[in-house]
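First comes the structure, then the notes that go with it.
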Amino acid sequence: MWSFFHKLGSPPWLYSIAGTILRWLLPITLVVLVAGAVWGLLYTPPDFRQGNSYRIMYIHVPTAVVALAGYYVMAIAGAISLIWRMKMADVAMRAAAPIGAMLTFLALVTGAIWGKPTWGTWWEWDARITSMLVLFFLYLGVMVLYDAYDNKEAAGRACAVLSLVGTVNIPIIYKSVDWWYSLHQPASIKFTGESTIDSSMLYPLLLMIVAFYALYTCCLLMNMRTELLRREARTGWVRRLIVEEGKG
Amino acid sequence: MHPVRRQRLVLVVFVVLFSSAAIGLVLYALRGNINLFYPPSEVAAGLAPVGKPLRVGGMVEKGSIVRDDSSLRVSFRLTDYQSSVDVVYVGILPDLFDEDEGAVAAGKLNANGVLEATEVLAKHDENYMPPEVAEALKASGHDIKGKPI
């Protein structure tokens, strides 16, 4: 058990295990992603009110869900690096920020594209949309703050504190549509009780959410590998790796 | 656990709890301002300011939509099934605007309590279903939430 955690702290081991996972996970992810997208975009019935424009939810909902979950990944990695000074947690935190920012950006853009034909406006300062924008700025803030420091240890600590403070925003985004009168509708997928979305539309949506979680994991591992190479560029194992790559 | 690490753990928990409490209090203080719109019953109770820009949201009352023949002027009533607010609007309504559906109107309340809207948005609800299912529900005398009418 403990030897696993010690190995997790070793950059060459983490680099190679991430590579092994990616070799399997990446093709599976792409297959699930294509299957979910084709199912959702082509083989589901149109909505009784919105017609075909609702189909953007097959991108919008998964990006938003994973953007929220990804924030916890970043904040927990930040907490681990603060408490145990584990360098690999710092790598994970730094690697998670740009992916989260991208997903949040996609959720905002697809939401705006859906909002125009449905609500009649691209943007409204409602609680859900505004708190989602704050999430985007939090992700950008972590990225910029990290790069603003020359001392990377201090950068990691500052970013960890920023991401921990930002966690309060996640339940606010999630519950905003229930706590306040907002333009955005409440969730259709319910953990308790019956979902208010027909099962023929729900199953491809759930598949897309799974696909985006897998995609997130792939992007995180790839980003972590890049970050590891950058940080360890002067060490022996990276040099040996490059020599081996050159031979092969 | 090593005492230094325990101390850092306590600090992390403290940062999360303290910032959550602080932001929670701010949101509690601002709760009225975070709401995007006033429900009609709050307007009827006199809680909404007259002559200032605001939004009113509710369901478009059945049979209340009156369109002007020679202009884009339209009037309708927004209701929360307790009170209702009269709305007049000159402009193009969103495609999904319809009676018995949610809408949010932005504008100013005049002295007669009528909302002179400058923008009307359709509010979509959380129900998604194929047209056949909606028709089947209607045919069997149920609303879209599956409750008998």
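The values are calculated or read from the model by the stated rules, or taken from the named source; none is laboratory data. Note that the structure is a prediction, hence the values are computed from the model and not measured. Every residue, glycine as well, gets a Cβ built from its backbone with ideal geometry; the counts of neighbours run over all protein chains shown. What goes into the accessible areas is simple: the full protein's heavy atoms, side chains included, and nothing from ligands, DNA or RNA. Shrake-Rupley method; radii C 1.70, N 1.55, O 1.52, S 1.80 Å.
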*Can you grab the distance from the C-alpha centre of the stretch B:111-135 to the C-alpha centre of the stretch A:152-215, Å, no decimals?*
25
_Going Cα to Cα from B:Lys52, which lysines come in below 23 Å? Please leave out same-chain ones fewer than 8 positions away._
B:Lys108, B:Lys123
*Along the positive direction of the dipole of the stretch B:36-123 (beta-carbon charges: Lys, Arg +1; Asp, Glu -1; about the Cα centre), which of B:Ala103, B:Ile92, B:Gly46 reaches farthest?*
B:Gly46
*Probe 1.4 Å - accessible area at A:Phe136, Å² to nearest ten*: 40
_Positive end of the dipole of the protein assembly as shown, charges at C-beta (+1 Lys, Arg; -1 Asp, Glu), about the Cα centre: which of A:Ser3, A:Gly36, A:Leu228 has its Cα farthest in that direction?_
A:Ser3
*Could you state the angle between the C-alpha long axis of helix A:152-166 and the longest principal axis of the C-alpha atoms of chain A, as a value from 0 to 90 degrees rounded to the nearest 10?*
20
*Give me the accessible area of B:Asp80, 1.4 Å probe, in Å² rounded to the nearest 10.*
40
*Of A:Ser10, A:Ser176, which has the most accessible area and how do the rest follow, probe 1.4 Å?*
A:Ser10, A:Ser176
*Hey, any idea what % of the stretch B:11-91's accessible area is carbon plus sulfur with a 1.4 Å probe?*
60
*What is the dipole size for the stretch A:99-155, taken about its Cα centre, with +1 at each Lys and Arg Cβ and -1 at each Asp and Glu Cβ, in debye to the nearest 20?*
240
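Mean separation of Cα pairs under 8 Å and 6+ residues apart, divided by the residue count of chain B: what relative contact order is that in percent?
Relative contact order here is 17 percent.
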*asked:* Nearest 10 degrees is fine. How inclined is helix A:57-84 to the longest principal axis of chain A, computing both from alpha carbons?
replied: 30
*What percent do you get for the relative contact order of chain A when only Cα pairs under 8 Å and 6+ apart count?*
30
*asked:* For A:Lys7, give me every one of the lysines with a C-alpha distance below 23 angstrom, ignoring sequence neighbours fewer than eight places off in its own chain.
replied: A:Lys87, A:Lys152
*So, with +1 on the Cβ of K and R and -1 on the Cβ of D and E, and no other charges, what is the size of the charge dipole of chain B about its Cα centre, to the nearest 20 debye?*
1180
_In nm, spacing of pseudo-spin labels at A:Phe137 and B:Ile92 (7 Å Cα→C-beta vector)_ = 3.3
*Arrange the residues A:Tyr149, A:Tyr216, B:Tyr28 by how much accessible surface each exposes, largest first, with a 1.4 angstrom probe.*
B:Tyr28, A:Tyr149, A:Tyr216
_Net charge, B:Val15 excluded, C-beta distance under 12 Å - Lys, Arg +1, Asp, Glu -1_ = +2
_Exposure of B:Lys62 as accessible area (Å², to 10), given a probe of 1.4 Å and all protein chains_ = 140
*For the stretch A:58-199, what relative contact order do you get, as a whole percent, if you take Cα pairs closer than 8 Å and at least 6 residues apart?*
27
*Selection from A:Ile197, A:Ala127, A:Ala211, by position along the positive dipole direction of the stretch A:91-248 (Cβ)*: A:Ala211
*Helix B:3-29 sits at what angle to the longest principal axis of chain B, using alpha carbons and giving 0 to 90 degrees rounded to 10?*
30
*Separation in nanometres of the label points that stand 7 Å from Cα toward Cβ, at A:Trp24 and B:Phe14*: 4.3
*For A:Ile17, what charge total do you get from the other residues with a beta carbon under 12 Å from its beta carbon, if Lys and Arg give +1 and Asp and Glu give -1?*
+3
